[in-house]
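The values are calculated or read from the model by the stated rules, or taken from the named source; none is laboratory data. In this text the structure is predicted, and so the values were computed from the model without any measurement. Ideal geometry is used to build each Cβ from the backbone, glycine not excepted, and the neighbour counts take in all protein chains shown.
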Amino acid sequence: MATRVLIVDDHPVVRAGLRAFLDLQQDFEVVAEAGSLAEARERARHHAPELVLLDLQLPDGNGLTIIGELAQVGRVVVLTSFLDEGKVREAMRRGASGYLLKHAGPDALLDKLRAALRGEVPLDPEAVRALAVPIVDPLETLTPREHEVLGLMAEGMSNKRIARHLGISEKTVKTHAGHVFAKLAVDDRLQAVLVAKEYGL
């Protein structure tokens, strides 16, 4: 019986190409497509795919945030154009079954998807090299002031309260917060606080 596949990517042309390619294979059946996190959640609930091909750059958020949820339905293989050591580690930590780049050849892609279904963990060779880099505490990249702002975020303070507490403007707090988000490779305050707590702040 063919493996039921959900394709999550914000580019219709990419989704169409993957669907056409996978539908040619006897052991894969694309049952749904999604162009956003919201659509991915809805399609996963409705179609119960056994395999999800997930891009990370989506219009309503980072695909990393939905991996754990989708992994409860089927195996999740990240298929993206972006290679970042932090994202590879985070994807695997959240339950991804593999991390592949879109420039992979068709035969290699099929081999790795089938490997994921066998319970293996297929990784693009570049992702393997990225994982070989020693783990660096991302909090060490923050300036003392950014570290302070992140700590106050973790305490639940609003930007306005942080500004009053530190004696700086709210605009300056937002600037520091933006630098924190960029350095931690996250999209929002909640994700930043989760990373901070993971690394012992």
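Considering (1) closer than 21 Å to Lys87 by Cβ; (2) over 22 Å from the mean Cα position of the chain (by Cα), the lone condition that His147 does not fulfil carries the number (1). For the stretch 185-199, the tally of residues that are touching a residue at least 40 places away in the same chain (Cβ under 8 Å) and over 22 Å from Leu166 (Cα atoms) stands at 6.
For the stretch 33-47, the criterion of being out of contact with any Pro (no Cβ under 9 Å at 6 or more places or on another chain), of a type in the set (Gly, Ala, Ser) and at positive phi is met by none of the residues.
When we screen Lys183, Lys174, Lys160, Lys197 for residues that are of a type in the set (Lys, Arg), surrounded by 15 or more Cβ atoms within 10 Å (Cβ to Cβ) and part of a helix (DSSP H, G or I), the only hit is Lys183.
Annotation: of all residues in the stretch 34-74 being touching a residue at least 40 places away in the same chain (Cβ under 8 Å) and charged (D, E, K, R), the one that is nearest to Arg189 (Cα to Cα) is Asp55.
Report yes if Gly156 is within 24 Å of Asp9 (Cα to Cα) and without any contact (Cβ under 8 Å) to a residue 24 or more places away in the chain, otherwise no. No, not satisfied. Can Gly151 be described as at pLDDT 80 or above, in contact with a Leu (Cβ under 9 Å, 6 or more places away or on another chain), part of a helix (DSSP H, G or I) and of a type in the set (Gly, Ala, Ser)? Considered against the rule, which asks whether it is at pLDDT 80 or above, in contact with a Leu (Cβ under 9 Å, 6 or more places away or on another chain), part of a helix (DSSP H, G or I) and of a type in the set (Gly, Ala, Ser), Gly151 comes out as yes.
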